[in-house]
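To keep things clear, I will list the structure first and then write my remarks on it.
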């Protein structure tokens, strides 16, 4: 006996069943048994000659039978056979439409009717029975809070707006920068220099004027998170730093609100739904944050521009499913996407009974100081590290030099060896004249090229990697090592504005 | 015992590969995910700093460092990623 998954378009012929048990030793016998039980299916699966129709694909445990033994492919008890007709809309319904259970929208909130304009706008939703008028009204009643209007927040909020989520909140306090435009599609070239929220509001309202956009021009903090999250049904985490990630997770757990999580790095993305009822949270996966500086941010490591498009839209998809209570949510599943290899992988996650926030005996019962938790100390001038998207390293003034001081000392003719620890492709973009390039990863192999008695200034893009290089050099006996504060970006701002920034 | 190791994000960059196979000598005690990690960290010293920050999975199932592994297992190591 094997299980056959019936796709949505064929369910009218199986008494609406999404799964049918059938017997047979091969796929052919199994399908014959299926069409005996549900005769109406026959004309949809087979042509007049009794051959499987060419647009019907059959999979045994996710393997296409065309690459196995076609209809002679053996089937054993416990196998799952999926019938997958081609779908013109470019989607692929594997027919596993298990309902997600109750929707997340506050049951006490009135569910508004749709106006005639809205019926027209959402018609492609309304004609699908899984959404229908009821689902669309749930979307209209729903409130989703996007943390960050950046790479992930852009596609996520735009699709949520288009889909008709009635209230979209956006938290951000940044200004649109040229370097954002490669991926943050909420913002256009004319928006450079504007507040991200003003730009986001215009863009989202242009997509859909029927919805409410609430903007919060503030840094999310332990003081304001619970209050900000309060009115919302789903929190969509599109932040770019660890302190805020842990803050969003903990606030979601404490409030019992699902966290549509996504994160990106270079060519890889991750997505999951955390903190849902009975599901694991981010801390079940990563109980402790990495030490500052260990994991590069997008500003340090780079990111493929289209990558947040994929991950942000997965977050939006999960959000919409949670609101309507349809499909199989990404709860207890951790999706990893590799854009270079174009592969999706999935890990099973479980709620950790010992989790400090969502476990059986939680030790974190209110929001804590997340910057301290992540070992990050605020730097002066540029605001809190939560603002910077990086993983700043604690500052020790005795081991640092500012761009202005460095310029002064170079002008004075001091013998300083400037060591640039970035990667060669970064060195191509800009550099401090006279510097030598030793990428951070090569420093342990190549430090012998440097004179331990010489005074050394290490430098990277923003100062994190060079701080690690400085620590290493000191550990192997270099006495006079200074880290250039703010890296080459600060050097360009304060000393040499002729060079391009990245 | 032979296992497949999958590395993600920064770990992949450090090792220079996303997937590698390793033979593990049977020890007095059962071999754990942590043993595999420590062997890798010996090979690629830059990995060592990640030990407390990574999560791991055995055959696509989240598992802790003390999880006992068997011949043929696929072990994945994932560093956290913060970009947005």
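The values are calculated or read from the model by the stated rules, or taken from the named source; none is laboratory data. Just so we're clear, the structure is a prediction, and the values are computed from it rather than from any experiment. Neighbour counts are summed over all protein chains in view; Cβ atoms, including those assigned to glycine, are modelled from backbone coordinates with ideal geometry.
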Discussion item. Against the condition touching a residue at least 60 places away in the same chain (Cβ under 8 Å), more than 24 Å from the chain's Cα centre (by Cα) and away from chain B (no Cβ under 14 Å), how does residue A:135 come out, does it pass?
Written reply: yes
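For (1) modelled with pLDDT of 95 or more; (2) assigned by TED's automatic domain parsing to the domain that holds residue A:194; (3) part of a loop (DSSP other than H, G, I, E, B); (4) closer than 23 Å to residue A:237 by Cα, each residue gets a yes or a no:
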| position | (1), (2), (3), (4) |
| --- | --- |
| A:101 | no, yes, yes, yes |
| A:107 | no, yes, yes, no |
| A:114 | yes, yes, yes, no |
| A:119 | yes, yes, no, no |
| A:146 | yes, yes, no, yes |
| A:162 | yes, yes, no, yes |
| A:165 | yes, yes, yes, yes |
query = Going by the conditions given, is residue A:314 away from every other protein chain (no Cβ under 12 Å), within 26 Å of residue A:180 (Cα to Cα), in contact (Cβ under 8 Å) with a residue 40 or more places away in the chain and not in a loop (DSSP other than H, G, I, E, B)?
reply = yes
Next item on the list: Report yes if some residue within the range A:288-298 is in a helix (DSSP H, G or I) and in the same structural domain as residue A:239 (by TED's automatic domain parsing); otherwise report no.
Entry: yes
In the range A:247-284, residues that are surrounded by fewer than 23 Cβ atoms within 10 Å (Cβ to Cβ) and either within 10 Å of chain B (Cβ to nearest Cβ) or in a strand (DSSP E or B) (or both) total 2
Filtering the range A:407-440 for residues that are under 22 Å from residue B:14 (Cα atoms) and in contact with a strand residue (DSSP E or B) (Cβ under 7 Å, 6 or more places away or on another chain) leaves a count of 7
Given the criteria within 13 Å of the chain's Cα centre (by Cα) and either outside the structural domain of residue A:134 (by TED's automatic domain parsing) or closer than 15 Å to residue A:260 by Cα (or both), does residue A:325 qualify? no
Checking A:205, A:187 in turn, the sole residue that is assigned to a helix (DSSP H, G or I), away from chain B (no Cβ under 14 Å) and at pLDDT 95 or above turns out to be A:205
Checklist line | Condition check for residue A:403: more than 34 Å from the chain's Cα centre (by Cα) and within 23 Å of residue A:499 (Cβ to Cβ) | finding: yes
Just one listed residue, out of A:174, A:233, is within 14 Å of another protein chain (Cβ to nearest Cβ) and touching a residue at least 40 places away in the same chain (Cβ under 8 Å), and it is A:174
**Check on residue A:305, surrounded by fewer than 17 Cβ atoms within 10 Å (Cβ to Cβ), within 16 Å of the chain's Cα centre (by Cα) and either within 13 Å of chain B (Cβ to nearest Cβ) or part of a helix (DSSP H, G or I) (or both)** = yes
Any chance residue A:186 is touching a helix residue (DSSP H, G or I) at 6+ places or on another chain (Cβ under 7 Å), farther than 28 Å from residue A:107 by Cα and buried (at least 19 other Cβ atoms within 10 Å of the Cβ): yes
Got at least one residue in the range B:17-34 being surrounded by 16 or more Cβ atoms within 10 Å (Cβ to Cβ), away from every other protein chain (no Cβ under 14 Å), free of Cβ contacts under 8 Å to residues at least 40 places away in the same chain and assigned to a loop (DSSP other than H, G, I, E, B)?
yes
Report yes if some residue within the range A:447-455 is out of contact with any helix residue (DSSP H, G or I) (no Cβ under 8 Å at 6 or more places or on another chain) and closer than 25 Å to residue B:13 by Cβ; otherwise report no. yes
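Checking the condition surrounded by fewer than 24 Cβ atoms within 10 Å (Cβ to Cβ), away from chain B (no Cβ under 14 Å), under 24 Å from residue A:299 (Cα atoms) and in contact (Cβ under 8 Å) with a residue 12 or more places away in the chain, which residue from A:195, A:179, A:222 passes?
Among A:195, A:179, A:222, only A:195 is surrounded by fewer than 24 Cβ atoms within 10 Å (Cβ to Cβ), away from chain B (no Cβ under 14 Å), under 24 Å from residue A:299 (Cα atoms) and in contact (Cβ under 8 Å) with a residue 12 or more places away in the chain.
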In the set B:3, B:58, B:81, the lone residue that is away from chain A (no Cβ under 13 Å), surrounded by 14 or more Cβ atoms within 10 Å (Cβ to Cβ) and either touching a residue at least 24 places away in the same chain (Cβ under 8 Å) or in contact with a strand residue (DSSP E or B) (Cβ under 6 Å, 6 or more places away or on another chain) (or both) is B:3
Considering the range B:65-84, residues that are under 19 Å from residue A:345 (Cβ atoms) and in a loop (DSSP other than H, G, I, E, B), and then whichever is farthest from the chain's Cα centre (by Cα), we arrive at B:81
Residue A:369: passes all of (1) more than 10 Å from chain B (Cβ to nearest Cβ); (2) in contact with a strand residue (DSSP E or B) (Cβ under 9 Å, 6 or more places away or on another chain); (3) surrounded by fewer than 22 Cβ atoms within 10 Å (Cβ to Cβ) but (2)
Is it the case, given these coordinates, that residue A:463 is in contact (Cβ under 8 Å) with a residue 60 or more places away in the chain and at positive phi? yes
